[in-house]
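Input: a single structure, listed below in structure tokens.
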Amino acid sequence: AAPLPPVGPKVRSGLLHHAVGPKDSPSPPPPSMRVITFEQLKRILSTLPPNPRIVASGNHAVPFTLLRAADEAVESFRLSMLCAPEGIPDREGITYETAFVGAGMRRHPRLQYVPCRLSLVPILFRDTMPPDVVFLHTSAQRFDTVSLGIEVNVLPAAIEAVRERGGLVVAQANPNMPYTFGDAQIFTQDVDYLVEVDEPMTTPAPKAVGDIAQQIGERIAWEVDDHSTLQLGIGAIPDAVLQALGTKHHGLRVWTEMFTDNVLNLEEKGVLNKDIPIVASFLFGSQRLYDWIHENRRVRMLRTEKTNDPAQIARQNLMTSINAALQVDLHDQANASFIRGSVYSGFGGSTDFIVGALHSRGGQSFIALPSWHAKANKSTIVPKLNENVTSFQHSYVATENGLAACFGQGECTQAENLIRIAHEDAREELTMAAREMVFLCK
């Protein structure tokens, strides 16, 4: 096989870095991306320093071919991904790192959970967890670019960080990955090596929205004003809200961390403002959604530092943040991350949007959950959390029993409002606990 060329110097022109030199000595042309085979990639990876940190696309954009090469060629490495699904390499010698735990890393003995708001993960790459290699799952080449498609998220920051330390950027180019615009577009000169694959995109199985989630969704949708800007988290209740936003609404906007097929449904209903781009950082859904976003300039895929910046969120018109939780206590503290003392997910971007929405003129933040946990057979509204706090200070907490106004209320009124929306079997116990905590003023 032909020898593989070196890739330095690592400061490059293009999307991420711009080389600057004296006026009388123009910068040399940027090094070319090399299209290589799977076996060539394995040889390259085998020369990495001991225990390198590999940052890879997560969610539904995992570069499985590149991860398989690392698994076969690198004895030990640290794998950093957000919301990693099942099927990632798993053996002794591979340590997992993440700020948001997915099914592929959840409760794993070799997991190193790093508590961090999503908007601050790029700071981790810059300062405390610099990558040695970045694995991308991209579209096929389009002129001199590829696109990060459905997963932009923290990847531009990871590319910049790996460039600063002279590491590698490797892309898995897939013709089935949609080509999206915004920060998703990467110049090929910012990629060292590209491996061509032809793999189907993963599409999560559709889940029916249950009766309780539908009731909660309808209650929240009733409070959404026309021309509001929406952010919705992951789960049945945010999906139910979008389903409930019918033709009675108009002029809605989307500035969110992620979205699914329900945003496309709103677009088709004519509910969204056609003059305002749909902004997100990652997404997943059906093939119909992927076909719609492909080369669709109405959808702008931006890096996390933009979508999740509370200051930019606060500038959005009537910013409305809707996220789910596992428990809420009478202090209006929500747990959305921990179950039985073990991390289940993480902060994600909910805290960024809760803060941003409260600072938006006319904005509001909702935390939503069923009032009763059927499997555990207990109330989800509790006197005081016995798990870690994910967020606090919400405009409203929503259950199927109603909305509890929290922000701007005194602690007595806040507790009373939360007790009213709790499950009827828990209200007496919550009332007694509130009196012991000197919450109730009556």
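The values are calculated or read from the model by the stated rules, or taken from the named source; none is laboratory data. Here the structure is a predicted model, which means the values were calculated and not measured. With ideal geometry, Cβ positions are generated from the backbone for all residues, glycine too; neighbour counts draw on all protein chains shown. Ligands, DNA and RNA are stripped out before the accessible areas are found, and what is left, the full protein with its side chains, is counted by its heavy atoms. Shrake-Rupley method; radii C 1.70, N 1.55, O 1.52, S 1.80 Å.
For segment 79-87, the count of residues that are more than 18 Å from the chain's Cα centre (by Cα) and open to solvent by less than 50 Å² (accessible area, probe 1.4 Å) is zero. Per the listing Met177, Met201, the residue uniquely of a type in the set (A, V, I, L, M), open to solvent by 10 Å² or more (accessible area, probe 1.4 Å), closer than 19 Å to Asn59 by Cα and outside any helix (DSSP H, G or I) is Met201. In segment 379-390, of all residues being of a type in the set (A, V, I, L, M) and part of a loop (DSSP other than H, G, I, E, B), the one that is modelled with the highest pLDDT corresponds to Leu385. Being open to solvent by 40 Å² or more (accessible area, probe 1.4 Å), under 19 Å from the mean Cα position of the chain (by Cα) and not hydrophobic (A, V, I, L, M, F, W, C) is the filter here, so list the residues in segment 102-112 that pass it. Matches in segment 102-112: Arg106, Gln112. Within segment 308-335, residues that are open to solvent by 10 Å² or more (accessible area, probe 1.4 Å) have Cβ atoms under 6 Å from residues that are among the hydrophobic types (A, V, I, L, M, F, W, C) and part of a helix (DSSP H, G or I) in these pairs: Pro310/Val355; Ala324/Ile237, counting only partners at least 6 apart in sequence or on another chain.
I'd like the full set of residues that are of a type outside the set (Lys, Arg) and touching a residue at least 24 places away in the same chain (Cβ under 8 Å), limited to segment 76-94. Selection gives Ser76, Phe77, Leu79, Ser80, Met81, Leu82, Cys83, Ala84, Pro85, Gly87, Ile88. Looking at the structure I just gave you, is Glu97 of a type in the set (D, E, K, R), modelled with pLDDT of 95 or more and out of contact with any strand residue (DSSP E or B) (no Cβ under 8 Å at 6 or more places or on another chain)? So Glu97 fails the test.
Would you mind stating whether Asp261 is modelled with pLDDT under 95 and of a type in the set (Asp, Glu)?
yes
No other residue among Ala334, Ala376 is part of a strand (DSSP E or B) and closer than 24 Å to Ala434 by Cβ apart from Ala334.
Restricting Thr37, Thr65 to those that are farther than 22 Å from Tyr179 by Cβ and at pLDDT 95 or above reduces the list to Thr37. For segment 272-300, taking the residues that are in a strand (DSSP E or B) and under 18 Å from the mean Cα position of the chain (by Cα), the one that is surrounded by the fewest Cβ atoms within 10 Å (Cβ to Cβ) is identified as Arg300.
From the list Gln215, Gln243, Gln231, the one residue that fits, being touching a residue at least 24 places away in the same chain (Cβ under 8 Å), assigned to a helix (DSSP H, G or I), within 22 Å of Ile293 (Cα to Cα) and among the polar types (S, T, N, Q), is Gln243.
Within segment 352-405, restricting attention to residues that are farther than 16 Å from Glu429 by Cβ and of a type in the set (Phe, Trp, Tyr), the residue that is surrounded by the most Cβ atoms within 10 Å (Cβ to Cβ) is Phe353.
Tell me whether segment 314-324 contains one or more residues that are closer than 24 Å to Met437 by Cα, modelled with pLDDT under 95, among the hydrophobic types (A, V, I, L, M, F, W, C) and out of contact with any His (no Cβ under 7 Å at 6 or more places or on another chain). Checked against the condition, which is being closer than 24 Å to Met437 by Cα, modelled with pLDDT under 95, among the hydrophobic types (A, V, I, L, M, F, W, C) and out of contact with any His (no Cβ under 7 Å at 6 or more places or on another chain), segment 314-324 yields no hits at all. Just to be sure before I move on: is Gln243 touching a helix residue (DSSP H, G or I) at 6+ places or on another chain (Cβ under 9 Å) and modelled with pLDDT of 95 or more in the structure I sent? Answer is no for this residue.
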